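Everything on this sheet refers to the single structure shown next.
Every read-out reported here was derived from the displayed coordinates using simple, explicitly stated rules and does not represent laboratory data. Treat the numbers as computed from the prediction; the structure is a model and nothing was measured. Every residue, glycine among them, receives a Cβ derived from its backbone with ideal geometry; neighbour counts consider all protein chains shown.
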Amino acid sequence: YDPVSHRITIANAGHPPPVLLHLGGRAEVLRVPAGAPIGVGGVDFDAVELDAPVGATLLLYTDGLVESRLRDVWTGIEQLREKLTAVAQLTGPDQPPPLEALCDEVLDMLGRGDRDDDIALLAARFDG
């Protein structure tokens, strides 16, 4: 992340696409070239440079958050995007939701029960 230009350089190492939650509530699924899973040797990763506006929140996650026996990964990503938009609208257009509350709401969308896969979630705010 470059705090002067407000840009990030990012590559994908086998995870679902990151989501950027903008101030005002727009949740954008970022287009990052697919890469081999992390740990696979001898493979280059294609990185892209993207805007990271002040106040935006970047969410990185594993497929266990968005995929299960009951839903495919792209349906889960769309549900994540919708959940992020709804949570962001609770704080208004100029105030991002608190990170802990945002993560709690995202994890709550899973509901109760056993999980088929591990789940990791990282939320990072670009404060400038």
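The per residue volume of the convex hull around the alpha-carbon atoms of the chain is 107 Å³. Computed over the chain, relative contact order equals 31 percent, with contacts defined as Cα pairs under 8 Å that lie 6+ residues apart. Exposure proxy for E28, E49: other Cβ atoms within 10 Å of each Cβ, ordered fewest to most, give E49, E28.
Taken one residue at a time, the phi angles of region 89-98 give Karplus couplings (6.51, -1.76, 1.60, θ = phi - 60°) of 6, 6, 9, x, x, 10, 10, x, x, x Hz. Gly and Pro are set to x. If you take all other residues with their beta carbon under 10 Å from the beta carbon of R7, and give Lys and Arg +1 and Asp and Glu -1, the sum is -3.
Taking every DSSP helix (H) stretch of at least 4 residues in the chain, weighting each as -39,500 (n - 2.57) and dividing the sum by the residue count yields a mean residue ellipticity at 222 nm of -6500 deg cm²/dmol.
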